[in-house]
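These notes concern the structure reproduced below.
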Amino acid sequence: MPPAQDLFEYAVLRVVPRVEREEFLNVGVVVLCRAQGFLQCRFAVPEARLQAFGGADLNLAELAARLRAFEKICQGRREGGPIGQLGAAERFRWLTATRSTVLQTSAVHPGLCQDAAATLARLFGQLVG
């Protein structure tokens with residue numbers, strides 16, 4: 001009998017320096033696995049690559065702060081503000097809601113996993129790495 005697998009959902013975190021052009025650079029992944037009580041994101045801020053892609057107008061400090069806010073909301077603590085106080089699924093839905101800002105998420109994708117943390121690491125390597 002194969003090992004049990006749990007449903008997970010994920011979205012890719014994207015930097016979209018010029019929203020009207022719809023060009024983006026993947027910088028992270030957020031994963032929700034309710035069965036494992038898991039909601040985490042992982043991201044990187046490759047400064048040289050982002051500056052080359054986004055130009056001088058891209059504020060890297062602001063981008064890093066927004067990514068850290070995603071991380072705090074995932075952790076579900078008071079530091080995550082009012083959204084951080086919601087349940088994991090509600091926080092994930094808020095994080096992955098459609099927005100027209102410099103930091104956006106892809107569509108949400110489902111899958112099955114045994115270990116959500118390992119799945120986050122694998123997806124980060126494949127989609128961002």
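Screening VAL45, VAL30 for residues that are assigned to a strand (DSSP E or B), within 19 Å of GLY129 (Cβ to Cβ) and not small (Gly, Ala, Ser) leaves exactly one candidate, VAL30. ARG66 meets the conditions (1) in a helix (DSSP H, G or I); (2) touching a helix residue (DSSP H, G or I) at 6+ places or on another chain (Cβ under 7 Å); (3) at pLDDT 90 or above in every case but one. The failed one is (2).
In region 27-45, the count of residues that are surrounded by 14 or more Cβ atoms within 10 Å (Cβ to Cβ) and over 27 Å from PRO110 (Cβ atoms) is one or more. Of VAL19, VAL27, all but one fail to be more than 19 Å from ARG122 (Cα to Cα) and in contact (Cβ under 8 Å) with a residue 60 or more places away in the chain; the exception is VAL19.
Scan region 73-82 for residues that are surrounded by fewer than 17 Cβ atoms within 10 Å (Cβ to Cβ), at negative phi and in a helix (DSSP H, G or I) and jot them down. Correct list: GLN75, ARG78, GLU79, PRO82. Answer yes if at least one residue in region 105-113 is in contact with a helix residue (DSSP H, G or I) (Cβ under 6 Å, 6 or more places away or on another chain) and free of Cβ contacts under 8 Å to residues at least 40 places away in the same chain, and no otherwise. Taking every residue of region 105-113 in turn, none turns out to be in contact with a helix residue (DSSP H, G or I) (Cβ under 6 Å, 6 or more places away or on another chain) and free of Cβ contacts under 8 Å to residues at least 40 places away in the same chain. Pull up region 1-26, narrow it to residues that are β-branched (Val, Ile, Thr) and in contact with a helix residue (DSSP H, G or I) (Cβ under 7 Å, 6 or more places away or on another chain), then point me to the one that is farthest from GLU90 (Cα to Cα). Going through the qualifying residues, I end up with VAL15.
Looking at region 84-98, which of its residues are assigned to a helix (DSSP H, G or I) and free of Cβ contacts under 8 Å to residues at least 12 places away in the same chain? Within region 84-98, GLU90, ARG93 qualify.
For region 3-14, a residue qualifies if it is at pLDDT 95 or above and hydrophobic (A, V, I, L, M, F, W, C), and the qualifying residues are LEU7, PHE8, ALA11, VAL12, LEU13.
The values are calculated or read from the model by the stated rules, or taken from the named source; none is laboratory data. Please read these numbers as outputs of a predicted model, since none were measured by experiment. All Cβ positions, glycine included, derive from the backbone under ideal geometry; neighbour counts span all protein chains shown.
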